[in-house]
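Notes follow the structure.
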Amino acid sequence: MTPQDTASLLVRLGRFLRDNPIFPLIILLLALIATLEFMRPGIVNERWIGNTIKFAIPLAMLAACQTLTMLTGGIDLSASVGATITAFVMATQVPIMGAPLAICIGLVPAILIGLVNGFGVAVCRVHPLIMTLGTGLIATGCLQVYQRFVIASGSVVPDGLGWLGTGRTWGAPNALLLFVPFAIFVLWLQRRTGFGRLLYALGSNETAAKISGVRSWQVYLALYALSGLIAGGAGLLYVGLIKAPSLSLVSPLLLPSVAAAVIGGTSIFGGRGGYGGTIVGALILTVLGTLLTLMQIPEGTRRILFGLIILAVTTIYVRLTNQR
Amino acid sequence: MTDDTPLLMASGVSKRFGAVVALRNASLTIRKGEIVALMGANGAGKSTLVKILTGALKRDDGAVEIAGKDERIGSPAAAQRAGLMPVYQEPSLIPDLSVADNLALGGTPVDDFRAWVEELGIKGLRLDDMIGHLPLATLRILDLARALASKPKVLLLDEMTAALPTDLVENVLRVIRKQADAGQAIIYISHRFTEIAQVCDRATVLRDGETVGDLEVVEGVEERVIELMLGSALGAGAAASVRPPPAGPAHLEVRGLTLGKKLTDVSLRLHKGEVLGVVALEGQGQDELFGVLAGLIRPDRGQILVDGEAVAFRHPADAIAKGLTYVPGDRADGLMMMRSVHENIAMPMLARFRNWGPIGMRREAGLVNDAVERMQIDTRAMGEVQRLSGGNQQKVTIGRWLAMGVETLLLFDPTRGIDVRTKRQIYGLVRELAEQGAAVLYYTSELAEVPAACDRAVVLFNGSVVDVIEAADADEQTLMRAAYGLREEAVGA
Ligand SMILES: Nc1ncnc2c1ncn2[C@@H]1O[C@H](COP(=O)(O)OP(=O)(O)OP(=O)(O)O)[C@@H](O)[C@H]1O
Ligand SMILES: [Mg+2]
């Protein structure tokens with residue numbers, strides 16, 4: 001093969017990947033699993049798969065917040081706080097008012113955070129990065145104040161959430177019961193509804209959307225409120241998995257949730273990508289986590305490697321898909 | 001190098017984008033002091049060839065010789081070192097930086113640049129102006145001035161004049177003629193035959209990515225060029241039907257519109273079934289007039305009436321709700337470049353809150369295909385609008401409103417960068433829409449379009465309507481005099 005052939009092959013490969021971004025991701029995922037199996041023969045079994053999915057699901061849900069906001073060129077850095085607040089408020093309210101009501105009460109602050117984000121982004125035109133960072137900090141503060149008032153009542157994670165978070169039925173994690181409909185809903189929203197199209201439109205060219213008659217504030221408000229709601233849901237599921245509500249419960253998932261969306265091919269500049277890739281991205285990150293844990297390297301090195309691998313994957317990906 | 005060695009010679013150039021063959025066998029030769037027109041229908045491959053010659057794209061095959069030596073031209077910088085300087089079809093200065101910063105980035109000598117800007121007729125440019133705040137026509141001139149300031153041997157101008165009003169076009173043509181006489185070689189792309197006839201020595205014609213002819217520009221060559229371009233003769237255009245002046249109440253009426261120093265007391269009336277042209281030199285208030293009517297700018301004073309009812313637009317959505325739809329002059333303002341043709345056309349249908357729900361995919365596909373067919377959009381690269389040729393992108397901006405059905409259409413230079421045949425189709429389409437009861441306001445930077453597309457035209461000068469001219473009297477000379485504010489007839493709007 002001459003260098004020119006190789007070059008044109010690469011170009012064509014890049015084009016294919018750009019049009020079908022999910023394929024290389026799935027291949028990468030399979031390669032990671034194969035590596036794992038190679039390092040520890042026998043590890044990849046039904047139980048392991050179940051566990052991986054179980055841990056990937058809350059991450060994938062939180063990453064939905066990032067994906068949807070990133071489609072408009074935004075981001076939701078308050079998602080982890082929204083999730084934590086929902087989980088914490090819910091768990092502390094269960095002893096007082098029972099599970100169903102506590103869950104509803106828990107979701108309220110998450111949606112409120114979202115509405116404030118939406119208001120700031122849409123009406124005050126604050127950059128989403130700053131806006132959501134700000135609301136996240138404020139909400140964390142509020143949660144600390146709240147904690148002082150409820151210390152006495154203690155906290156309980158309802159059995160139902162525990163069942164959903166950790167349980168299995170016929171080997172499959174129960175969390176799928178929530179996640180599969182959720183994922184289908186998000187994919188449908190993004191592809192088949194006017195709202196979804198508007199997200200892409202705002203991310204591609206806000207002026208064009210405006211000229212077409214889109215009132216962007218409505219979209220932003222709805223989007224960030226929805227993101228808050230999803231974050232709350234992720235928090236509920238995650239506390240069912242971890243079973244120990246704390247003030248920093250979901251924080252470790254924030255940056256991985258952004259990474260999952262980016263690895264999944266969603267552009268942080270908006271207008272490109274989708275939730276399908278994000279789900280695979282979340283799986284990739286979870287498997288990668290296991291792989292690095294298995295290698296028994298110290299925590300510091302592990303983080304460095306984790307960061308490097310994410311950078312490498314994204315760089316290669318961007319290079320392949322942006323050829324001239 | 002003897003005097004006869006071509007300065008630039010490309011032969012057998014080919015380029016594919018995935019399944020799309022943009023160029024299959026393109027050749028081009030230019031000598032010192034020549035101005036060569038590069039002609040071809042929308043999507044023929046003109047811009048692709050320019051990009052290849054200037055290092056922005058890599059060719060798949062073919063040879064390029066500069067002054068008799070084989071050259072690879074691997075990058076824009078390499079092209080510039082070899083003396084090749086382009087002005088691309090889309091403005092290429094960075095919108096978020098000031099003029100001065102942009103110049104610094106490209107290493108352009110500032111004094112030369114300023115001199116060229118003056119020479120090309122843009123007065124009062126401040127170097128700390130943000131690029132993103134400047135009108136499109138000014139940006140094109142800045143692009144050209146920047147290219148000229150780098151003193152290239154070969155200048156490649158890709159639809160440089162498509163967004164320019166007459167006065168600026170005249171300046172550009174004068175300047176490049178002078179440059180050619182001083183020994184520069186210029187490759188000139190335009191869909192306007194009058195310009196070609198005025199300055200070009202030869203015309204190289206591309207069809208479907210292949211060079212199909214190379215002709216001297218002499219009297220009457222136009223027919224021949226069109227035949228080569230399209231592969232068939234164009235035929236006579238439909239004679240503009242003479243329509244009686246509209247009677248009855250106006251559909252859209254503007255009274256005493258005033259906006260800062262840009263618009264003073266503008267009044268006009270537009271009837272159903274009427275195509276009203278707007279003619280103006282650069283910066284006479286046409287941008288603002290359309291901006292106000294589209295709901296993008298709020299006027300200081302004045303009234304807009306739709307069917308006799310006073311309306312106020314706070315957002316384009318308000319204007320659309322009253323049936324006023326706007327096709328912006330700058331494609332970059334109208335299109336979502338990364339998204340598909342389908343999504344771009346369907347956009348306005350989904351804009352309103354009540355359409356946020358499920359999309360009727362089949363119905364939508366039907367409407368979109370309809371618009372694609374009516375506008376004859378090149379469907380080979382539908383996946384992303386940015387992969388379409390400039391002219392086809394322009395068709396998308398118009399097509400999206402057809403899918404909705406139009407009442408009042410505000411067209412700002414809709415044929416910018418569109419080839420002869422498609423232009424005819426667009427005039428036909430505008431007429432057809434008018435006959436079906438639409439009211440059309442039609443700004444054009446190309447004066448020859450007025451008699452072809454409009455029933456009558458208002459002339460804007462210095463922010464006021466100074467004249468109304470019937471299509472029958474609208475020859476270029478009359479329009480030109482009026483546009484310069486030289487006609488003295490009474491104003492009757
Ligand atoms: N990046 C790309 N990906 C896919 N197709 C492309 C890309 N760039 C250009 N094309 C295709 O190549 C063909 C030639 O495009 P080009 O822009 O050179 O046309 P043009 O002659 O300049 O037309 P116009 O008069 O409309 O500007 C078109 O069919 C276009 O869709
Ligand atoms: Mg072009």
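The values are calculated or read from the model by the stated rules, or taken from the named source; none is laboratory data. Bear in mind that the values here come from a model prediction, so they are computed numbers and not experimental data. Cβ sites come from the backbone with ideal geometry, for glycine too, and all protein chains shown count toward neighbours. Ligands, DNA and RNA are excluded from the accessible area calculation, which covers all protein heavy atoms including side chains. Shrake-Rupley method; radii C 1.70, N 1.55, O 1.52, S 1.80 Å.
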Item to check | Inter-chain Cβ neighbour average for residues B:352-365, partner chain, 10 Å | outcome: 4
Item to check | segment A:121-134 - phi-based ³J(HN,Hα) in whole Hz, Karplus 6.51/-1.76/1.60, Gly and Pro as x | outcome: 6, 7, 8, 8, 6, 7, 5, x, 4, 5, 4, 6, 4, x
Item to check | Rounded to whole Hz, the Karplus (6.51, -1.76, 1.60) HN-Hα couplings of segment B:175-188, x for glycine and proline | outcome: 5, 6, 4, 5, 5, 5, 4, 7, x, 6, 9, 10, 9, 10
Item to check | Extent along principal axes [Cα atoms of segment A:222-263; Å; largest to smallest] | outcome: 29, 25, 16
Checklist outcome for this item: On complex formation of A with B, accessible surface lost, both sides summed, probe 1.4 Å, nearest 100 Å², amounts to 3200
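Ignoring ligands, DNA and RNA, what percent of the accessible area of segment A:24-321 is carbon or sulfur (1.4 Å)?
Values: 9100 of 12480 Å².
Here it works out to 73 percent.
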Next on the checklist: Checking the table A:K210/B:K423; B:K272/B:K395; A:K54/A:K243 against a 22 Å threshold on Cα-Cα, which pairs fail?
Outcome noted: A:K210/B:K423; B:K272/B:K395
Checklist entry - What number, rounded to the nearest 500 deg cm²/dmol, is the helix-based mean residue ellipticity at 222 nm of chain A, given -39500 (n - 2.57) per DSSP H run of at least four residues and division by all its residues? => result -26000 deg cm²/dmol
Checklist outcome for this item: Phi-derived 3J(HN,Hα) across segment B:156-162 with the Karplus relation (6.51, -1.76, 1.60, θ = phi - 60°), rounded Hz, x for Gly and Pro, is 10, 10, 9, 6, 4, 9, 4
Item to check | Built amide H within the under 5 Å cut-off of B:E282, gap 5+ | outcome: B:D167, B:L168
Checklist outcome for this item: Answer check: segment B:270-404, Cα atoms, Kirkwood Rh, Rg/Rh ratio of 0.99
Checklist entry - Which of the peptides A:90-97, A:161-168 is most tightly packed, and how do the rest follow, judged by the mean count of other Cβ atoms within 10 Å per residue? => result A:90-97, A:161-168
Item to check | Listing of segment A:264-299 residues, each with accessible area lower by at least 20 Å² in the full protein assembly than in the chain alone (probe 1.4 Å) | outcome: A:G271, A:R272
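Take every DSSP beta bridge with both residues inside the protein assembly as shown and express the antiparallel ones as a percent of the total, to the nearest 5. Before the final figure, lay out each step's value.
On the way: 43 of 78 bridges.
Taking every DSSP beta bridge within the protein assembly as shown, about 55 percent pair in antiparallel fashion.
Just the number please: accessible area per residue for the protein assembly as shown, 1.4 Å probe, all protein chains included, in Å².
Values: 34500 Å² over 817 residues.
With the other protein chains kept in place, the protein assembly as shown gives 42 Å² per residue.
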Checklist entry - Taking the Cα atoms of segment A:197-324, what is the range of coordinates along each of the three principal axes, in descending order and whole Å? => result 56, 45, 21
Next on the checklist: Inside 10 Å of the C-beta atoms of B:314-321, what's the mean count of C-beta atoms belonging to other chains?
Outcome noted: 4
Checklist entry - What is the distance in Å between the Cα centres of segment B:123-145 and segment B:415-476? => result 27
Item to check | Shielding score for B:273-279, defined as the mean number of other chain Cβ atoms within 10 Å | outcome: 0
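I'm a student and want to see the number: the projected area of the Cα convex hull of segment B:192-343, averaged over all directions, in nm². Walk me through the numbers before you get to the answer.
Values: hull surface 54.6 nm².
The Cα convex hull of segment B:192-343, projected and averaged over all directions, gives 13.6 nm².
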Next on the checklist: How many angstrom lie between the Cα centre of segment B:309-370 and the Cα centre of segment A:202-246?
Outcome noted: 23
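Is segment A:15-68 rounded, prolate or oblate when judged by the Cα gyration tensor, a ≥ b ≥ c being the square roots of its eigenvalues, rounded requiring a/c under 1.5 and prolate requiring a/b larger than b/c? Display every interim value, and only then the final one.
Details: a/c = 3.62, a/b = 1.28, b/c = 2.83.
Oblate.
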Item to check | segment B:8-233: radius of gyration and largest Cα-Cα distance (Dmax), Å | outcome: 17.0, 50
Next on the checklist: What do you get for the angle between helix B:136-149 and the principal long axis of chain B? Use alpha-carbon atoms, 0 to 90 degrees, nearest ten.
Outcome noted: 20
Checklist outcome for this item: In whole Å, largest first, the alpha carbons of the protein assembly as shown cover along the principal axes 91, 71, 50
Item to check | Overall dimensions of chain B as given by Cα atoms, namely Rg and Dmax in Å | outcome: 22.7, 73
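Could you give the semi-axes, largest first, of the ellipsoid that matches segment A:68-213, computed as the square roots of 5 times the alpha carbon gyration tensor eigenvalues and rounded to whole Å? Mind dumping the intermediate values first?
Values: eigenvalues 208, 105, 22 Å².
In descending order, the three semi-axes are 32, 23, 11 Å.
May I ask you to order B:197-203, A:40-46, B:38-44 by the average number of other C-beta atoms within 10 Å around their residues, highest value first?
Details: B:197-203: 19.1, A:40-46: 11.3, B:38-44: 25.7.
Per-residue Cβ counts within 10 Å, averaged per peptide and sorted highest first, yield B:38-44, B:197-203, A:40-46.
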Next on the checklist: Could you tell me how many cubic angstrom of Cα convex hull volume segment B:252-483 has per residue?
Outcome noted: 118
Item to check | Distant-in-sequence amide H partners of B:Y326 (H built 1.01 Å from N, under 5 Å) | outcome: B:L410
Checklist entry - By per-residue mean of other Cβ atoms within 10 Å, what is the highest-first order of B:273-281, A:181-189? => result B:273-281, A:181-189
Checklist outcome for this item: The helix B:110-119 Cα axis meets the longest alpha-carbon principal axis of chain B at an angle in degrees, between 0 and 90 and rounded to 10, of 60
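In terms of the Cα gyration tensor, with a ≥ b ≥ c the square roots of its eigenvalues, is chain A rounded because a/c is under 1.5, prolate because a/b exceeds b/c, or oblate?
Details: a/c = 1.98, a/b = 1.20, b/c = 1.66.
Oblate is the answer for chain A, as a/c is 1.5 or above yet b/c matches or exceeds a/b.
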Next on the checklist: Considering only protein heavy atoms and a probe of 1.4 Å, how much of the accessible area of segment B:8-233 is carbon and sulfur, as a whole percent?
Outcome noted: 49
Checklist entry - Total Lys pairs in segment B:8-233 closer than 18 Å by alpha-carbon, pairs eight or more apart in sequence or interchain only? => result 12
Item to check | B:R207 long-range amide H proximity, modeled H, under 5 Å | outcome: B:V212
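Shape of segment A:181-270 from its Cα gyration tensor (a ≥ b ≥ c, root eigenvalues): rounded if a/c is under 1.5, otherwise prolate when a/b > b/c, or oblate? Please report the intermediate quantities before stating the final value.
Values: a/c = 2.28, a/b = 2.08, b/c = 1.10.
Prolate shape, in that a/c is at least 1.5 and a/b is the bigger ratio.
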